[in-house]
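Peer 1: One structure is given below, represented as structure tokens, and several questions about it will come after.
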Amino acid sequence: MEEKLEEIVEPLLEWYQENKRILPWRENKNPYCIWISEIMLQQTRIEAVKRYYARFMKELPNIQSLANIPEERLLKLWEGLGYYNRARNLQKAAKIIEQNYKGEMPNTYAELITLAGIGEYTAGAIASIAYNERIPAVDGNVLRVISRVTASDKDVILPETKKVVTEQLKTLMTKQEDNFQAGDFNEALMELGELICLPNGEPICQECPLQRICIAYQKGLTQELPIRVKKLKRKEEDRTVFLLVSQEGKIAIKKRNEKGVLSGMYELPNSKGKVKNLKELEEILKKWNLKGTNIENIGEYQHIFTHITWKMIAYNVAVEKENEEFTWVTKKQLEKAYALPTAFKKVILK
């Protein structure tokens, strides 16, 4: 297989130079820009990330600004991307860089991987793109490309498979000539997976620069590869969500606990289980020292997290007065100052 991988380097890099997309974080090899973009791109498509990236970089153009921004404002800037601990880890890492590296990004994989929120893939991406270190950056796209090129029967979900592919690519990169651009090679593999070697058995093989090399194409296995053993079904949890609106037009929100899903974020008041009758609704409101003057069922929906799915029923409730248990804000204040997870935004947009 090593010989097969040797063959991909030249056609892959030629294809990348002709076809790479113009993206804001590719304008230069600024490690800070690469870092922010890579964290944002986890679980989110490139086209969706562009506007979040522009908003974030406008307010936080460097490590110093990231290290010193109030957490609540940071989470507001991250709003819409989900996985809010990623934003918190960005700030933790920025503070360490300020303290230990004089505000400059570490320039080796070994140092980068010690920072909060930076794993093997992100450290490899920053080290190779910004500093040309010959280290792979292996994500789902890369695993898919390599699995098809080599017709591997290994399950790409397993950590052992990723470890093997990483070692194969590291060996390959180490062997290249002095002018080899490690960052371009990694980005080319990722770009090919994003644009051509698509998932779910739908690669655009006729446009692939690796077609003549790819064993999966030659053997008609592109529909079957890569091998992915299905994950266990997500846990499901029923919830009742309340859009509480006071006579002054203010909306009730509260801060979640510091542990668990969406820890430390603001949310709409809610309770476990699906409440479907008026008596139960009124009992919940009574516990919050509230009385509803009008209660409207605004529908059911679900929100999928990595390990759990919330199945939710939502009610719009006009209340006589505001209580002290919740924070009451205008819709404008909510949009500008408070980071509300998408799971609850759906209710406001209904």
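The values are calculated or read from the model by the stated rules, or taken from the named source; none is laboratory data. Keep in mind that this is a model prediction, so the values were computed, not measured. Don't worry about glycine lacking a Cβ; one is built from the backbone with ideal geometry, like all the others, and counts go over all protein chains shown. Side chains are part of the model used for accessible areas, which takes the heavy atoms of the whole protein and leaves out ligands, DNA and RNA. Shrake-Rupley method; radii C 1.70, N 1.55, O 1.52, S 1.80 Å.
Peer 1: Just the ratio, please: alpha-carbon radius of gyration of segment 143-192 over 2.2 N^0.38 Å, N its number of residues.
Peer 2: 1.20
Peer 1: Also: So what is the orientation-averaged projected area of segment 90-158, using the convex hull of its C-alpha atoms, in nm²?
Peer 2: Averaged projected hull area, Cα only: 5.4 nm².
Peer 1: Which label marks the calculated value of semi-axes √(5λ) of the Cα gyration tensor in Å, given the options (1) 42, 23, 19; (2) 45, 25, 16; (3) 32, 29, 18?
Peer 2: (2)
Peer 1: Which pairs, out of K4/K163; K250/K287; K4/K230; K58/K254; K233/K255, put more than 23 Å between their alpha-carbon atoms?
Peer 2: Those over the limit are K4/K230; K58/K254; K233/K255.
Peer 1: What angle do you read, to the nearest 10 degrees and between 0 and 90, between the alpha-carbon axis of helix 278-287 and the longest principal axis of the chain?
Peer 2: Computed tilt is about 90 degrees.
Peer 1: Express as a percent, rounded to the nearest 5, the fraction of DSSP beta bridges in the chain (both residues included) that run antiparallel.
Peer 2: Among the beta bridges of the chain, antiparallel pairing accounts for roughly 60 percent.
Peer 1: Checking a compactness column here: for segment 1-82, what do you get for Rg(Cα) / (2.2 N^0.38 Å), N being the number of residues?
Peer 2: Dividing the Cα radius of gyration by 2.2 N^0.38 Å gives 1.41.
Peer 1: Here's something else I'd like to know. Put F185, F305 in order of accessible area, largest first, 1.4 Å probe: what do you get?
Peer 2: F305, F185
Peer 1: Once R0 is set to 45 Å, what does the formula 1/(1 + (r/R0)^6) return for the Cβ-Cβ distance between K346 and C205, expressed as a FRET efficiency to the nearest 0.05?
Peer 2: Computed FRET efficiency for K346 and C205 comes out at 0.70.
Peer 1: DSSP loop GluC sites (Glu not before Pro) in segment 193-281 with at most 13 other Cβ atoms within 10 Å of their Cβ, which ones?
Peer 2: Sparse-neighbourhood loop GluC sites (Glu not before Pro): E224, E248, E258.
Peer 1: Right, next: For segment 173-299, what mean projected area does the convex hull of the alpha carbons give, in nm²?
Peer 2: Its Cα hull, projected and averaged over all orientations, spans 15.8 nm².
Peer 1: Here is a follow-up. What residue among W15, I251, N141 has its Cα farthest toward the positive end of the dipole of the chain, where the charges are +1 on Lys, Arg and -1 on Asp, Glu, each on the Cβ?
Peer 2: I251
Peer 1: Identify all aspartates and glutamates with a Cα-Cα distance to K102 below 20 Å; exclude those on the same chain that are fewer than 8 residues away in sequence.
Peer 2: By straight Cα distance, K102 reaches E111.
Peer 1: Now, a different point. Can you give the accessible area per residue of segment 17-66, in Å², using a 1.4 Å probe?
Peer 2: 55
Peer 1: Which of the listed residues, I313, I227, L278, is farthest toward the dipole's positive end in segment 222-350, when Lys, Arg count +1 and Asp, Glu count -1 at the beta-carbon?
Peer 2: Of I313, I227, L278, it is I227.
Peer 1: Still on this model: What's the magnitude of the charge dipole for segment 128-282 around its Cα centre, counting Lys and Arg as +1 and Asp and Glu as -1 at the beta-carbon? Answer in Debye, nearest 20.
Peer 2: With only Lys, Arg, Asp and Glu charged at Cβ, the dipole is about 900 debye.
Peer 1: Roughly what % antiparallel, to the nearest 5, for the DSSP beta bridges in segment 226-350?
Peer 2: 65
Peer 1: Moving on. Quick one: if the Förster radius is 22 Å, what FRET efficiency do I304 and E71 give, using the C-beta to C-beta distance and rounding to 0.05?
Peer 2: 0.30
Peer 1: While we're on this one: Give the calculated FRET efficiency between E296 and A48 to the nearest 0.05, with a Förster radius of 41 Å applied to their Cβ-Cβ distance.
Peer 2: E(calc), rounded to 0.05, equals 0.80.
Peer 1: Next question, about the same structure. What accessible area per residue, rounded to a whole number of Å², is obtained for segment 276-347 using a probe radius of 1.4 Å?
Peer 2: On a per-residue basis, segment 276-347 sits at 59 Å².
Peer 1: Also: Pairing the Cα long axis of helix 31-41 with the longest principal axis of the chain, what angle in degrees results, from 0 to 90 and rounded to the nearest 10?
Peer 2: 60
Peer 1: A further question on this structure: Report the extension gain between T330 and N89 in nm, rounded to one decimal, defined as 0.36 nm multiplied by the number of residues separating them, less their alpha carbon distance.
Peer 2: Extending this stretch completely gives an extra 83.8 nm.
Peer 1: Before rounding to the nearest 500, sum -39500 (n - 2.57) across all DSSP H runs of length at least 4 in the chain and divide by the residue total; then give [θ] at 222 nm in deg cm²/dmol.
Peer 2: Result for the chain, helices only: -13000 deg cm²/dmol.
Peer 1: Ok, one more. Taking 20 Å as the cut-off for C-alpha to C-alpha distance, list the pairs among K29/K175; K170/K219; K235/K274; K20/K76; K95/K336 that go past it.
Peer 2: K29/K175; K170/K219; K20/K76; K95/K336
Peer 1: What are the radius of gyration and Dmax of segment 147-230, computed over its Cα atoms and given in Å?
Peer 2: Rg then Dmax for segment 147-230, in Å: 13.4, 42.
Peer 1: A follow-up question, please. So, with +1 on the Cβ of K and R and -1 on the Cβ of D and E, and no other charges, what is the size of the charge dipole of the chain about its Cα centre, to the nearest 20 debye?
Peer 2: Taking the Cα centre of the chain as origin, the dipole is about 1640 debye.
Peer 1: So what's the gap between the Cα centers of segment 147-223 and segment 297-334, to the nearest angstrom?
Peer 2: Value for the Cα centre distance between the two parts: 44 Å.
Peer 1: Next up: Would you please classify the overall shape of segment 274-350 from the alpha carbon gyration tensor, given that a ≥ b ≥ c denote the square roots of the eigenvalues, rounded means a/c under 1.5, and beyond that prolate means a/b larger than b/c while oblate covers the rest?
Peer 2: Here segment 274-350 falls in the oblate category.
Peer 1: How about segment 94-192: which GluC sites (Glu not before Pro) there are in a DSSP loop, with at most 15 other Cβ atoms within 10 Å of their Cβ?
Peer 2: E104, E177
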